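Reviewing the structure listed below.
Bear in mind these aren't lab numbers, they're just calculated from the coordinates by the rules spelled out. All figures in this text were calculated on a predicted structure; none of them were measured in a lab. Glycine also receives a Cβ, built like all others from the backbone with ideal geometry; neighbour counts cover every protein chain displayed.
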Amino acid sequence: MIDGVFNDLPDMKIVLIGYMGSGKSSVAEILSEKLNIPFKDLDEEIQKVEKLSIPKIFSEKGEIYFRRLENKTIKELLTLNEKFVLATGGGTPCYADSLSQMKNAKDTVTIYLKTPLPILCERLMNEKGSRPLISHLNTEEELLEFVGIHLFERSHFYNQASLIIETANDSPKQIAERIVKLLF
Ligand code: S3P
C-alpha cells in the first residue's frame with residue numbers, strides 16, 4: 001500500500017512515533033540524511049519556543065501545559081509546506097487530537113517504532129534523568145512495571161500508525177534502511 005508512494009511528493013512528511021527509548025530521534029536523523037530532507041525533533045521545537053528544557057517545562061509549568069504545547073506544535077509543523085522527518089515525543093500521539101492530525105495530514109506517513117519492553121527498559125534505566133515521567137523510578141523492577149503498564153495503555157495509539165516497524169535491538173542505521181526500502 002505504501003510502496004513507492006513518496007517518490008514524487010515535494011512536501012512529504014515522515015513522522016516517527018513510539019515509546020521513549022525506541023530510537024525515534026536517532027532513526028529520524030539517519031533517515032533525514034539518507035533521504036536528504038530536513039530532520040525535526042518535536043521536543044527540541046518545544047524547548048526552543050519555551051526556552052526551557054523538557055524536565056523544566058514539566059516541573060515549572062506542569063504536564064498539561066506541556067501536552068497542550070505538544071499538540072499545538074505538531075499541528076503547526078504538519079501544516080508547513082515543507083518536507084521533513086519528524087521524531088515525536090513518546091506521548092505525542094496519545095493526547096488530544098494529535099494522532100488524527102498526523103494521520104490526516106497531507107503527504108504524511110506515520111511510522112511506529114515498536115520495541116520490546118525489556119529493550120526499552122534496559123535503555124531507559126540509564127537515561128531516566130532527562131525524562132520527567134520516569135525519573136522518579138529507582139529500581140529496574142519499578143521501571144519495568146511502570147513502562148509495562150504505560151506501553152500497554154499507549155499501544156492502542158501507536159498501533160494506528162500507517163507502518164509498524166518491529167525494531168528488536170536493531171541499530172538506528174538498520175532501522176532507517178528498512179524504512180527506506182519500505183517507503184520507496
Ligand atoms: C514523553 C516522552 C519524551 C518527552 C516527554 C514526554 C512521553 O520524549 O516528550 O518527556 O510522554 O512519553 P522521548 O520519547 O523522545 O523521550
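Summary table
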read-out	value
Reachable aspartates and glutamates from LYS75, criterion Cα separation under 17 angstrom, eight or more residues apart if same chain	ASP11, ASP41, ASP43, GLU44, GLU45, GLU50, ASP97, ASP107
Cα-projected label distance for LYS106 with LEU9, points at 7 Å along beta-carbon direction, nm	1.2
Extension reserve of the LEU182-GLU33 stretch, reckoned as 0.36 nm per residue once the Cα distance is removed	52.0 nm
Long-range amide H partners of ILE17 with built H, under 5 Å	ILE111, TYR112, LEU113
For the chain, radius of gyration divided by Kirkwood radius, i.e. Rg to Rh on alpha-carbons	0.95
Distance (nanometres) between label positions extended 7 Å along Cα→Cβ at SER135 and GLU166	3.6
Flagged links, alpha-carbon separation over 27 Å, of LYS61/LYS114; LYS48/LYS181; LYS40/LYS181; LYS56/LYS173; LYS13/LYS72	LYS61/LYS114; LYS48/LYS181; LYS56/LYS173
Sorted peptide list for 130-139, 107-116, criterion being average Cβ within 10 angstrom, highest first	107-116, 130-139
Nearest-ten-degree value, helix 63-78 long axis tilted from longest Cα axis of the chain	10
